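The values are calculated or read from the model by the stated rules, or taken from the named source; none is laboratory data. Just so it is clear, the model here is predicted, and its values are computed rather than measured. Heads up, the Cβs are rebuilt from the backbone with ideal geometry, glycines too, and the neighbour counts pull from every protein chain shown.
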Amino acid sequence: MVVFGIELKGSEAIVVIVEKANDGQCIGKEYKKISLNSTNQDDAQSFRDLFVALIDQYSPSKIVINTRQQKGEYAAGAVTFVMEGILLTLNQVNVISVAGATIRAKLKSGAIRTQLDGYPKYTEKAFQLASFGCL
């Protein structure tokens, strides 16, 4: 089973692609940063096309994204809302949104790992989301 974990942050989607092994562990296959430079139609279509190509390449069973705060001090920006909307329209795969509190609870219980060895620190949250998708 292949799962994409995607952290939406600023104008970037940080993507970690994992595969669930027979022993239940998530094995990292690849990581990427995909940017959405503006909210115009051409950039949005290009962003969507990149994800469709990734889906065609890896055939994931699901995509797990982080739930964003809609108001308050840490509320997400407009570009993040557009990215989420684009991802939710991908009908080739099931897209689910997971709250940060749920991820923290799974980390505390030991159900998911914090990070993959050899992956940069900025991929940590996306990996946690992908690991949640492997459960």
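Could you grab me the full set of residues in segment 12-44 that are within 14 Å of LEU87 (Cα to Cα) and in contact (Cβ under 8 Å) with a residue 60 or more places away in the chain?
Residues satisfying the conditions are ALA13, ILE14, VAL15.
Among the candidates LYS125, LYS106, single out the residue that is in a helix (DSSP H, G or I) and within 17 Å of ALA13 (Cα to Cα).
LYS125
For segment 9-23, state whether one or more residues are in contact with a Gly (Cβ under 7 Å, 6 or more places away or on another chain), of a type outside the set (Asp, Glu) and buried (at least 16 other Cβ atoms within 10 Å of the Cβ).
Taking every residue of segment 9-23 in turn, at least one turns out to be in contact with a Gly (Cβ under 7 Å, 6 or more places away or on another chain), of a type outside the set (Asp, Glu) and buried (at least 16 other Cβ atoms within 10 Å of the Cβ).
For ARG104, indicate whether it is among the basic types (Lys, Arg) and surrounded by 12 or more Cβ atoms within 10 Å (Cβ to Cβ).
It is false that ARG104 is among the basic types (Lys, Arg) and surrounded by 12 or more Cβ atoms within 10 Å (Cβ to Cβ).
Residues that are out of contact with any helix residue (DSSP H, G or I) (no Cβ under 7 Å at 6 or more places or on another chain) and under 19 Å from LYS125 (Cα atoms): find the strands (runs of 3 or more DSSP E) completely inside segment 1-82 holding 2 or more of those.
Answer list for segment 1-82: 12-20, 26-35.
Mind checking which residues of segment 35-87 are among the aromatic types (Phe, Trp, Tyr) and either modelled with pLDDT of 90 or more or within 15 Å of the chain's Cα centre (by Cα) (or both)?
PHE47, PHE51, TYR58, PHE81
Output the number of the condition that GLY133 fails; it satisfies all remaining conditions of (1) exposed (fewer than 12 other Cβ atoms within 10 Å of the Cβ); (2) small (Gly, Ala, Ser); (3) closer than 21 Å to ALA53 by Cβ.
Every listed condition holds for GLY133 apart from (1).
Just wondering, is there one or more residues in segment 71-82 that are basic (Lys, Arg) and touching a residue at least 24 places away in the same chain (Cβ under 8 Å)?
The answer is no, given that none of the residues of segment 71-82 is basic (Lys, Arg) and touching a residue at least 24 places away in the same chain (Cβ under 8 Å).
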